[in-house]
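A quick write-up on the structure given underneath.
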Amino acid sequence: MYALSNVTKNYQKGRRTIPALRSLNLIIGDGEWLAVQGRTGHGKTTLLHILGGLDRPSTGSVTFAGHDLAQLREAQVTRLRAQAIGFVFQTFNLVPTLSAAENVESALIPLGTRSGERRRLVAAVLESVGLSDRARHLPSQLSGGQQQRVAIARALVKQPQVLLADEPTGNLDEDTRDEITALLEKLWRGLGLTLVLVTHDSAIAGRAQRVAIINKGRLSIRHDTRPAAN
Amino acid sequence: MFFFTYVRRELRSRMRQAVVTAAGLALGIGLVITVTALSSGVRLAQGKVLGALFGVGTDIRVTTALAPASGGMAQITPEPYVRHSDTLSSPTQGTMAASSVPAIARLRDVTAAAGGLELTEIKATIPADNAPPPSSFQPPVQVSVTGVDLGHDQLGPLAAARLVSGRDFAAGQADASVAVADSAYAASHGLKTGSAVTIAGTRFTLIGIVRQAPGSNAPELYIPMARAQALANGPGGSLQNKVNTIYVQAASAADVGTVTGEISRLLPSATVTNSASLANGVAGSLKTTAQLARSLGTWLAVLVLLAAVAVASLLTLAAVARRVREFGTLKALGWRSGRITAQVLGETLAMGIAGAAAGIALGLGGAAAAAAAAPKLTATVQTTNTGHGGFGGGLGADGGIFSGTVGGPVQTFANPNATHTVAVPFTAPVTTGAIVLAVILAIAAALLAGASGGWRISQLRPAEALAKVA
């Protein structure tokens, strides 16, 4: 699915160059669940953004489904993101003025899906995350866990190949965290998604097939996590 | 449809800001409509004044000043017996050869030219030179009479007149003793179609009665040009083959200036007046209002509109800044910058349309209020060489002629600085064009505001936008 070769990412802060990722090499297989751990500010989110085509590496190549994201034009990356990559954020990032169903529907707009088909897909995905009865609620009328479910539904409604989740349980209480983790795991198993999940939580990371650790921009793979449940 | 749902929800969520933006635009648009209506009203009023003074269809008027030697004065020497005088003359204007009319008509850019004789008939009773001074003053009677070129009924003094009764002159009546009377004169003298009037001792039959626009300073009687030339006398004798006014129609409004210059070169001693120069001679509250509407009103509208655009742009930019996370998320979902910009433009456009609707209502109300509250407008126009002074009914009236007779020679004077003040009805019409302009302005302002937000969105890198969230 992904092949990252010698990827570096530097940020300029005035005259200073701040390295976020250093000579990173990584291969992520189709249908793999990779958990990425590391301390705050060490490059986890940068890696996720590069995997999602939201940012470009300073050097190196990022091959996704045969395309080098570093070389594609912005419009091509945007199209690829619309079709194949789903995002889940720590702060849910739902549009506050749109209902749960409309938020989910927003992911289908760039694909040009017809209105009737959109309604059908939205209803099905909300059903799959257990929020059929909350479709018309605004985000402010939903709990944190429900909002994250809407965000997951929004990421999955377009049936992406990969789901990139940036600390999806970071803002949730313990019970809700377990509930969301269980949901993600269920969807990963059921849909055959490639799941890259950034988390501080070792309990969640422990459920992934592989765990990568980023420390000061350098990535290392820990192979001693629990074996993937295939 | 998702686009409209999103726009509606977004505007509803920040209703206060949307209302402020729409209200700002509405105020600007309302002012534009009101000022445009006022300007139209003033133009209309000016048009009425100028049209009435100038005659419909006439672009240029050519006259000539009295020769200094003549001084506009006619002296009548008393005889040893009481005598009645009835003279037709041109006391306030000099004369030109009638051949000047075809010469002007042949000029480039001239569509038509017609001659006219604007005359004054004075009927006076002259006491005997040895008679004692009369116990009461008997002022001479004065009637304004215009000789009309029957070959050009669309040009000249009768062009703007409305026939009230009877009929107009026919082409074959050039030498006939027939007259047309102004309705006010006819009413005050009990005249009707078929009545007889005496002009310079000649009996004329009234064939029609016409009404001119209020304030037009219309002559009291109209007779065929050939009869006027035959009966009138000037300082140099008979007015045969003479005219004292030439009415000129230019090929187009754009040619008026050129034609004015050409006539001035052809007739160097003539006074050539066009509607623009006549407008410059208009004074009074109408002129003040016109200047106010043009200068203060226009600038006020432009400033308010600019302020509204600035406020709308700033509010849009502020909204975009507040929604960076939202737009970053949409970009992460695969929305193109153009699609997000279109969404923002849709929001500002909706505010613009609401502003335009409210602005039109405000503008209509403003125009109606301005028309209702406007004081009575007047226009003061110099009448020297431009028409009939009117005797006014007393000595020294500002009608343009001063006359006196006390035990000596009868003298009549032309008053070269006579003015004529007319009341002008004022309306502030809101035209479809003004409303279309307002809607275009509102939409343009909204799009400008939306474009500023769109530019900010296009600059937004999704990773950057999402990083601001964390």
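The values are calculated or read from the model by the stated rules, or taken from the named source; none is laboratory data. Everything numeric here is computed off the predicted structure, so don't read it as measured data. No Cβ is skipped: glycine too gets one built from the backbone with ideal geometry, and neighbour counts run over all protein chains shown.
From the list B:Gly352, B:Gly338, B:Gly359, B:Gly328, pick out the single residue that is surrounded by fewer than 22 Cβ atoms within 10 Å (Cβ to Cβ), out of contact with any Lys or Arg (no Cβ under 6 Å at 6 or more places or on another chain) and part of a helix (DSSP H, G or I).
Numbers: B:Gly352 fails: surrounded by fewer than 22 Cβ atoms within 10 Å (Cβ to Cβ); B:Gly359 fails: surrounded by fewer than 22 Cβ atoms within 10 Å (Cβ to Cβ); B:Gly328 fails: surrounded by fewer than 22 Cβ atoms within 10 Å (Cβ to Cβ).
When all the criteria are applied, what remains is B:Gly338.
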Index of the failed condition, A:Val198 passing every other in (1) within 14 Å of chain B (Cβ to nearest Cβ); (2) under 12 Å from the mean Cα position of the chain (by Cα); (3) of a type in the set (A, V, I, L, M); (4) closer than 28 Å to A:Arg120 by Cα = (4)
message = Here is a check on your reading of the model: is A:Arg118 facing another protein chain (nearest Cβ under 7 Å) and closer than 18 Å to A:Ala151 by Cα?
response = no
inquiry  = So, A:Ile28, is that one away from chain B (no Cβ under 14 Å), crowded, with 17+ Cβ neighbours inside 10 Å and of a type in the set (A, V, I, L, M) or not?
reply    = yes
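Based on what the data block shows, is B:Ile33 assigned by TED's automatic domain parsing to the domain that holds B:Ala312 and either more than 30 Å from A:Leu94 (Cα to Cα) or modelled with pLDDT under 75 (or both)?
Numbers: assigned by TED's automatic domain parsing to the domain that holds B:Ala312: yes; either more than 30 Å from A:Leu94 (Cα to Cα) or modelled with pLDDT under 75 (or both): yes.
So B:Ile33 passes the test.
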message = Which numbered condition in (1) without any contact (Cβ under 8 Å) to a residue 40 or more places away in the chain; (2) over 24 Å from B:Arg336 (Cα atoms) is the only one that A:Ser140 fails?
response = (1)
ask   = Which one is modelled with the lowest pLDDT among residues in segment A:110-134 that are of a type in the set (Val, Ile, Thr) and buried (at least 20 other Cβ atoms within 10 Å of the Cβ)?
value = A:Val129
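Filter segment A:185-201 down to the residues that are of a type in the set (A, V, I, L, M, F, W, C) and either in a strand (DSSP E or B) or touching a residue at least 60 places away in the same chain (Cβ under 8 Å) (or both) and list them by number. First the steps, then the outcome.
Taking segment A:185-201 first, the residues of a type in the set (A, V, I, L, M, F, W, C) are A:187-188, A:191, A:193, A:195-198.
Result: A:Trp188, A:Leu193, A:Leu195, A:Val196, A:Leu197, A:Val198.
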Any hit, segment B:163-181, residues being closer than 30 Å to B:Asp255 by Cβ, touching a residue at least 40 places away in the same chain (Cβ under 8 Å) and out of contact with any helix residue (DSSP H, G or I) (no Cβ under 7 Å at 6 or more places or on another chain) = yes
note = In segment A:65-87, residues that are facing chain B (nearest Cβ under 10 Å) and either surrounded by 23 or more Cβ atoms within 10 Å (Cβ to Cβ) or within 18 Å of the chain's Cα centre (by Cα) (or both) total 11
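Looking only at residues in segment B:304-319 that are among the β-branched types (Val, Ile, Thr) and closer than 12 Å to B:Gln17 by Cβ, which one is surrounded by the fewest Cβ atoms within 10 Å (Cβ to Cβ)? Reasoning before the result, please.
Within segment B:304-319, the subset among the β-branched types (Val, Ile, Thr) is B:304, B:309, B:311, B:316.
If we keep only those that are closer than 12 Å to B:Gln17 by Cβ as well, we get B:311, B:316.
On the way: B:Val311: 18, B:Thr316: 26.
Only one residue tops the list, namely B:Val311.
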ask   = Regarding A:Thr113, is this residue at the interface with chain B (Cβ under 7 Å from one of its Cβ atoms), under 27 Å from B:Leu11 (Cα atoms) and assigned to a loop (DSSP other than H, G, I, E, B)?
value = no
Conditions (1) free of Cβ contacts under 8 Å to residues at least 60 places away in the same chain; (2) in contact with a Pro (Cβ under 9 Å, 6 or more places away or on another chain): number failed by B:Ile207 = (2)
request  = Please work out which one of (1) surrounded by 18 or more Cβ atoms within 10 Å (Cβ to Cβ); (2) within 14 Å of chain B (Cβ to nearest Cβ); (3) under 21 Å from B:Tyr6 (Cα atoms) is the condition A:His137 fails and give its number.
outcome  = (1)
key: Every residue from segment A:155-185 that is closer than 22 Å to B:Leu466 by Cα and among the hydroxyl-bearing types (Ser, Thr, Tyr)   = A:Thr169
query = Any idea which of (1) assigned to a strand (DSSP E or B); (2) more than 13 Å from every other protein chain (Cβ to nearest Cβ); (3) in contact (Cβ under 8 Å) with a residue 12 or more places away in the chain is the one A:Thr17 doesn't satisfy?
reply = (3)
key: Odd one out for A:Val62, checked against (1) β-branched (Val, Ile, Thr); (2) part of a helix (DSSP H, G or I); (3) more than 8 Å from chain B (Cβ to nearest Cβ)   = (2)
request  = Only residues in segment A:151-171 that are of a type in the set (Val, Ile, Thr) count as the first member; pair them with residues that are assigned to a loop (DSSP other than H, G, I, E, B), Cβ under 8 angstrom, at least 6 apart or cross-chain, and list the lot.
outcome  = A:Ile152/A:Val129; A:Ile152/A:Pro168; A:Val157/A:Ala107; A:Val157/A:Leu108; A:Val162/A:Met1; A:Val162/A:Leu193; A:Thr169/A:Thr199; A:Thr169/A:Asp201
ask   = Does A:His42 count as more than 13 Å from chain B (Cβ to nearest Cβ) and free of Cβ contacts under 8 Å to residues at least 24 places away in the same chain?
value = no
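Of everything in segment A:92-106 that's closer than 14 Å to B:Arg323 by Cβ and within 17 Å of the chain's Cα centre (by Cα), which residue is nearest to the other protein chains (Cβ to nearest Cβ)?
Restricting attention to segment A:92-106, the residues satisfying the condition of being closer than 14 Å to B:Arg323 by Cβ are A:93-98, A:106.
Those still in the list that are within 17 Å of the chain's Cα centre (by Cα) too: A:93-94, A:106.
Numbers: A:Asn93: 4, A:Leu94: 8, A:Ser106: 6 Å.
By that ranking, first place goes to A:Asn93.
A quick yes/no check of all residues on (1) modelled with pLDDT of 60 or more; (2) away from chain A (no Cβ under 14 Å):
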{"position": "B:Gly363", "(1), (2)": "yes, yes"}
{"position": "B:Asn385", "(1), (2)": "no, yes"}
{"position": "B:Ala414", "(1), (2)": "no, yes"}
{"position": "B:Pro429", "(1), (2)": "yes, yes"}
{"position": "B:Ala438", "(1), (2)": "yes, yes"}
{"position": "B:Pro462", "(1), (2)": "yes, no"}
ask   = Does segment B:137-160 hold any residues that are surrounded by fewer than 24 Cβ atoms within 10 Å (Cβ to Cβ), more than 17 Å from B:Leu231 (Cβ to Cβ) and touching a residue at least 24 places away in the same chain (Cβ under 8 Å), and which are they?
value = B:Phe137, B:Gln138, B:Pro139, B:Pro140, B:Gly151, B:His152, B:Gln154, B:Ala159, B:Ala160
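In segment B:212-234, which residue that is farther than 19 Å from B:Gly115 by Cβ and at pLDDT below 80 is surrounded by the fewest Cβ atoms within 10 Å (Cβ to Cβ)? Give the steps one after another, and end with the answer.
Quick first cut of segment B:212-234, residues farther than 19 Å from B:Gly115 by Cβ only: B:212-217, B:220.
Those still in the list that are at pLDDT below 80 too: B:213-217.
Values: B:Ala213: 18, B:Pro214: 14, B:Gly215: 20, B:Ser216: 22, B:Asn217: 20.
So the residue we want is B:Pro214.
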message = Just the residues that are part of a helix (DSSP H, G or I) and touching a strand residue (DSSP E or B) at 6+ places or on another chain (Cβ under 9 Å), please, taken from segment A:159-179.
response = none
